[in-house]
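The block underneath contains the structure these notes are about, expressed in structure tokens.
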Amino acid sequence: MVYVNGVGLLAPGLPSWQASQTVLCDQQAWQFETLDKIPAPDILPANERRRTSAFIRMAVKVAQEALDASDQNAKNIPSVFASSCGDFDVVQSICIALSMPEKPVSPTHFHNSVHNAPAGYWSIANSSPSASTSISAAYSSFTAGLLDAVSQLRAGATHILLVASDIHSSDIYIKARAVKYPFACAILLSVGSSQDSLCELAIQPRMEKSGTTKMQHAGLEDLRLNNPSASALPLLAQISAGKKGEVLLPYQHDRVLNVAVG
């Protein structure tokens, strides 16, 4: 059993966790709104803010939102950053530069191209020496990140921050890996309940082949199906509902992970 102590969210029509709960609970209609510009988080030093990409800004923003809902110090909390695809825009820019005669790769793009770039910026923003894991598992990346986070709690961590983010595909990748929308979320988990706790999660140890939990709203279901990190949406909807229920999350080889929310 683990506890949810804070959530962050950013996606089209879902500008934050606080502003999106009525939509996730079907109390308010979801309306598509593009994420035209994502401001660099103020917690980053000025030099680092200038170097961030939209992908990095999304991850840091939701991480900060999840922490702001609790009384925990981010400096002391280990983290897991999950992403299926990483930063499409940066990788595309590097590939284009490498195809040119002089191969003019931007140092900033090279710096941001590694899969753990968001985790690095998060650590810099909080002067954090805490351990961080960056993980990718194709379309199961959110579930893999959740399993990793819960495993660390069971191994002795008291709190852990899970961040999942994927940005929409760049032009040259759209046929090979179609990600239609940007999406990022963060969940602060702990081993004990507190006044900050939103709910408890029981991660079922068995995995079985079964259908995954879907979103009732057609637009949100389209978002879930077209961004690997957005597979978190049914879990976030169940958390926002504030009642008991079971969520089936996609995992490898057409299997699912059972998550009981209470």
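The values are calculated or read from the model by the stated rules, or taken from the named source; none is laboratory data. It should be emphasised that the depicted structure is a prediction, and the values quoted were computed from it without experimental measurement. Neighbour counts run over all protein chains shown; Cβ positions are idealised from the backbone, glycine included.
Annotations
- Pairs where the first residue, in region 1-28, is aromatic (F, W, Y) and exposed (fewer than 14 other Cβ atoms within 10 Å of the Cβ) and the second is at pLDDT 95 or above and in a strand (DSSP E or B), C-beta under 6 Å, 6+ apart: none
- Residue within region 110-118 that is surrounded by 20 or more Cβ atoms within 10 Å (Cβ to Cβ), in contact with a strand residue (DSSP E or B) (Cβ under 8 Å, 6 or more places away or on another chain) and not aliphatic (A, V, I, L, M) present: yes
- Any hit, region 40-48, residues being of a type outside the set (F, W, Y), crowded, with 22+ Cβ neighbours inside 10 Å and modelled with pLDDT of 90 or more: no
- Residues of region 78-92 satisfying the condition of being modelled with pLDDT of 90 or more, surrounded by 24 or more Cβ atoms within 10 Å (Cβ to Cβ) and either farther than 19 Å from S229 by Cα or of a type in the set (V, I, T) (or both): V80
- Selection within region 120-136: residues that are in a helix (DSSP H, G or I) and among the small types (G, A, S). The member of this set that is nearest to L161 (Cα to Cα) is S123.
- Look at (1) in contact with a Lys or Arg (Cβ under 7 Å, 6 or more places away or on another chain); (2) surrounded by fewer than 16 Cβ atoms within 10 Å (Cβ to Cβ); (3) over 19 Å from V2 (Cα atoms) and you find that H253 fails only one, number (1).
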